[in-house]
Amino acid sequence: MPSIAMPGPLGPPPPTGTFNTPAEYKDILQSHAANNGYAIISNSYVPLKKAAWVCSKSGGYDSRGKDPDIHVSKKRRNTLTTKCWCPFRIRATYDVSTNWIIHHTNLEHNHKPVSANSALPHHRTAALSCWEHDKVIEMNTLGNTPIQILQALRIANPRSVLVVRDIYNLLYCLRVEELNGSTPVEWLLKVSKVEAVFLSLLTIYIDSSRYRLQAFNIYKFGD
């Protein structure tokens, strides 16, 4: 069994070969990881050049955004991280003639497999049904909090293993997808411009309709 002192593989090697897109291979790799007690996350991606995936336990505790001068009495206690600098890594390179080629960089882990996939948020959110996914979007649009969304999902599916942090993470991913590389301010300006154009066209259409209606009345009934 792999450990920090003696890293080793978890299950058989992941699939290799060539794939059409990194997303296609990621789904296959995540399914393989789920069957062997771990999860993977994207590590890097350069369009039409390269991509890489690592174990979800890769890296260590991230202290960015944490105030080092905060008083000890105000610090959260017993905070843990699942990160343990796991070395597992797979990369892909793009070739025009063969699409994306998979390379095994390091297949060793330094931790045991999880006893249940529900212990890993990557598999919990991946298990969401289309209805549950749409429900999260709908309730968020209506202004419901993540806790309210989670309660609704648990009522609909009592066997759900989601936690409130999963809802926060899902909403964050949806927001990043919506921004599509723009900053929140840039996205707002784009939306405002689209709305302004729509309102201008609507005003022109209404004015044009009024003019045609007025002309019709003059023609039918006389002035």
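Any read-out appearing in this document is the output of simple, stated calculations on the displayed coordinates, not a laboratory observation. What you see is a predicted model; the values in this text were computed from it and never measured. Don't worry about glycine lacking a Cβ; one is built from the backbone with ideal geometry, like all the others, and counts go over all protein chains shown.
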Matching residues, the stretch 91-134, being over 23 Å from the mean Cα position of the chain (by Cα), under 23 Å from residue 52 (Cα atoms) and small (Gly, Ala, Ser): 97
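Can you pull out every residue in the stretch 16-30 that is loosely packed, with under 14 Cβ neighbours inside 10 Å and of a type outside the set (D, E, K, R)?
Listed by number, the residues that qualify are 16, 17, 18, 20, 21, 23.
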Residue count, the stretch 26-59 (criterion: outside any loop (DSSP other than H, G, I, E, B) and over 20 Å from residue 117 (Cα atoms)): 7
Candidate set from the stretch 116-136 (those that are free of Cβ contacts under 8 Å to residues at least 60 places away in the same chain and assigned to a loop (DSSP other than H, G, I, E, B)); member that is surrounded by the fewest Cβ atoms within 10 Å (Cβ to Cβ): 116
Any hit, the stretch 86-105, residues being in a loop (DSSP other than H, G, I, E, B) and in contact with an Asp or Glu (Cβ under 7 Å, 6 or more places away or on another chain): yes
